[in-house]
Structure formats: C-alpha cells, structure tokens
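In what follows, a structure is listed as structure tokens, so that the remarks can point back to it.
What follows is calculated from the coordinates using simple rules that are stated; it is not laboratory data. What you see is a predicted model, and the numbers here were worked out from it, not measured in a lab. A quick note on method: Cβ atoms are made from the backbone with ideal geometry, for glycine too, and the neighbour counts reach across all protein chains shown.
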Amino acid sequence: MATVNVTLSLSSTDLFAKQTLSFTETDSLSPAGDQQLIGKLYLTGDGTEDQISLKALAGTDNRAYVYMKNLSTTTGEFVEVSARRSAWVTDSTADDWFAVLGPGEFLFIPVCDMYNIDLEAGAGNPTVEYILMEKSQ
C-alpha cells in the first residue's frame, strides 16, 4: 500500500501583536482507492472552464485528497476552483468557486461527493499541477 507523508507548518512572529504563531501538523496518508491521478492542466483562458475529470466520488464514504498548485508567476493569472456535484463533463454554475489560487499558490484538501473539478483562469493561460489520491472505502 502506498504511503504519502504530509507536513504543514504555519509560523509567524509578527502576524498577531501579542502571540507567536507556530503550528506543525504531520500525517501519514494511505491512498488505496482505485483512482490516483497526477497531471498538469494548461487552462484555455478567461471565461472558459477546464475540467479534471474523475470517477464519481459518491457520498461521504468515497473520499480523496486533492493537491493543486497554480504554476503561473504572472500577476493577475489566478485560477478559480469549483467541484461539480451533479453530472460528468458539465460546467459548474456561475460563481460557485470554493477557492481562488493566485500565482504560486496551492491547496491541499479532502474532498468527497463530486464528479469533476472545474478550473477557470481569471486572466491569461495559467498552468495548474494536480494530484488526486482516493482513499480506500
């Protein structure tokens, strides 16, 4: 079985006036579902939704972890991210984004109950790298 080690650290000495921020979370994930995806998606531009198509993650027992990073270094090339929950290869509805990734920004989140991930460039043609790791049921 594959193992993925995840570490997230948040630290700052000046974000809060009277408190130092210092958190580190570490976990060992064992993605063993039948869907493991890795790739890059070259977005087609503002006003067009591009999709990462996947096998349905049905219900709360069929879960996965998603890592995604906007590889652009150009100011203004942000990426809007949404999850399609009702049908394969159909667009999300307007303004239903749950994340917006600026140039160089990333996310790592657990997901479930979805058919595909929709991405739309705010401007330009940014590239997004992604990994989806389905957990065993």
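Some observations on this one:
- Each Cα pair under 8 Å and six or more residues apart adds its sequence gap; the mean of these over the residue count of the chain is a relative contact order of 36 percent.
- Simple spin-label estimate for Leu15 and Ala32 in nanometres, 7 Å along Cα-Cβ: 3.5 nm
- Calculated diffusion of the chain, Stokes-Einstein form, Kirkwood radius summed over Cα pairs, 4 °C and 1.567 mPa s, µm²/s: 80 µm²/s
- Distance between segment 24-40 and segment 107-132 - C-alpha centres, whole angstrom: 15 Å
- In segment 1-75, trypsin sites (Lys or Arg not before Pro) in a DSSP loop with at most 12 other beta-carbon atoms within 10 Å: Lys18
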